[in-house]
Amino acid sequence: MSSQSPKNWRTQFTPWRAAGTKTEGGGTADDVVRETGWVFNNETGKSLTLADFVRTGDEEVRRFMRHFGLSTDRLATSTLLEIGSGIGRMTAAFTNLCARVIATDVDAAFLERCHQTIALHGRPERLSTVHVADGRTLAVSTDSVDQVFSYIVLQHCQHDDALALTSEAIRVTRSGGVIMLNYRTWVPLDVVLIPLGVLVRLLWRLPLVGKQLSTKRWATRFGWQANRLSPDEVLDHLSQRGELRYLTDVRILHSHRRQRSVRHAGVTVGILKRTNRSHWWLVAKVSK
Ligand SMILES: C[S@@+](CC[C@H](N)C(=O)[O-])C[C@H]1O[C@@H](n2cnc3c(N)ncnc32)[C@H](O)[C@@H]1O
């Protein structure tokens with residue numbers, strides 16, 4: 001484990017540390033994308049470039065902002081915090097759209113590369129980075145940002161860390177701001193995926209074999225699916241902590257391929273096209 005490893009190390013951090021170590025090598029930004037890009041957008045190929053990689057993030061950011069009702073005018077004067085930025089696939093677009101962007105990640109090496117990505121494809125003067133040292137706390141002041149965004153991150157955290165980061169998102173967002181958080185919930189295939197994930201995470205603990213395995217895509221894709229959270233579970237957590245009262249216009253957005261309802265009154269459930277069947281979003285205004 002390197003000195004930049006998070007406090008209270010968890011097996012869930014293993015694949016990010018393995019990819020982060022690779023990004024610490026001296027390769028070019030394009031080399032980094034060819035070697036580690038798949039951990040962020042699942043694309044592989046010897047001819048991948050950083051520009052292609054950032055383009056995929058650009059398209060997704062514009063689509064999500066449109067769906068979530070955040071206009072370019074509004075973003076232009078705002079501070080956005082991204083939980084789990086990785087090497088900046090989507091962060092580049094955010095720096096082009098927002099006045100200020102705080103990229104956060106559990107892996108400090110990714111954040112170094114994120115600066116490089118934004119230097120080439122974004123607005124570096126608008127970017128700051130914050131290491132999520134314990135995997136669950138944002139070292140950012142309360143009520144200091146206008147939006148918190150997270151995509152394909154909370155599913156990779158330990159269950160309680162994902163809930164803690166959800167609370168953190170609300171804490172750091174000032175009144176009038178918006179949270180946009182993506183989660184993964186149960187699908188029938190989980191009968192197979194969950195035990196395989198547990199097995200791979202156990203194997204990651206083995207000396208030598210574990211280190212080798214953590215760089216393999218086939219194994220990583222099982223091991224990194226660390227938790228499943230339903231909308232009700234997240235809303236219950238917020239309700240129990242008295243944080244649900246800080247949210248208005250609460251929307252749960254999911255794939256058109258599943259039916260969903262929630263127990264909590266006043267929550268709108270809707271469809272977001274091109275959403276993975278297992279994914280869903282919590283999008284809400286913060287009113288404190
Ligand atoms: C699949 S990647 C997605 C990155 C980025 N959102 C994107 O779409 O390109 C997941 C990212 O979440 C980060 N991550 C995983 N667990 C985390 C945690 N507990 N806190 C913060 N970041 C975390 C990983 O290091 C990795 O960069």
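The values are calculated or read from the model by the stated rules, or taken from the named source; none is laboratory data. Here the structure is a predicted model, which is why all the values come from computation and not from measurement. As a convention, Cβ positions derive from the backbone with ideal geometry for all residues, glycine included, and neighbour counts pool all protein chains shown. Just so you know, the surface numbers come from the protein's heavy atoms only, side chains and all, with ligands and any DNA or RNA stripped out. Shrake-Rupley method; radii C 1.70, N 1.55, O 1.52, S 1.80 Å.
Okay, here's what the table says:
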{"item": "Hits in the range 121-142 (condition: within 12 Å of the ligand (Cβ to nearest atom) and surrounded by fewer than 21 Cβ atoms within 10 Å (Cβ to Cβ))", "result": "Thr129, Val130, His131, Ala133, Asp134, Thr137, Ala139"}
{"item": "Test result for Val269, open to solvent by less than 90 Å² (accessible area, probe 1.4 Å), in contact (Cβ under 8 Å) with a residue 12 or more places away in the chain, closer than 18 Å to Arg184 by Cα and of a type outside the set (Gly, Ala, Ser)", "result": "yes"}
{"item": "The range 204-216 residues that are without any contact (Cβ under 8 Å) to a residue 60 or more places away in the chain, paired with ones that are assigned to a loop (DSSP other than H, G, I, E, B) (beta carbon under 9 Å, 6 or more apart)", "result": "Leu213/Leu206"}
{"item": "Test: residue in the range 88-110 that is over 24 Å from Arg66 (Cα atoms) and more than 9 Å from the ligand (Cβ to nearest atom)", "result": "yes"}
{"item": "The listed residue being open to solvent by less than 40 Å² (accessible area, probe 1.4 Å), among the β-branched types (Val, Ile, Thr) and under 19 Å from Ile179 (Cβ atoms), out of Ile102, Ile152, Ile118, Ile87", "result": "Ile102"}
{"item": "Residues (part of a helix (DSSP H, G or I) and open to solvent by 10 Å² or more (accessible area, probe 1.4 Å)) located in the range 90-99", "result": "Asn96, Leu97"}
{"item": "So Ile118, is it touching a Ser or Thr at 6+ places or on another chain (Cβ under 6 Å), over 30 Å from Ile271 (Cβ atoms) and within 9 Å of the ligand (Cβ to nearest atom)", "result": "no"}
{"item": "So Val32, is it open to solvent by less than 30 Å² (accessible area, probe 1.4 Å), within 22 Å of Ala119 (Cα to Cα) and either out of contact with any helix residue (DSSP H, G or I) (no Cβ under 9 Å at 6 or more places or on another chain) or within 12 Å of the ligand (Cβ to nearest atom) (or both)", "result": "no"}
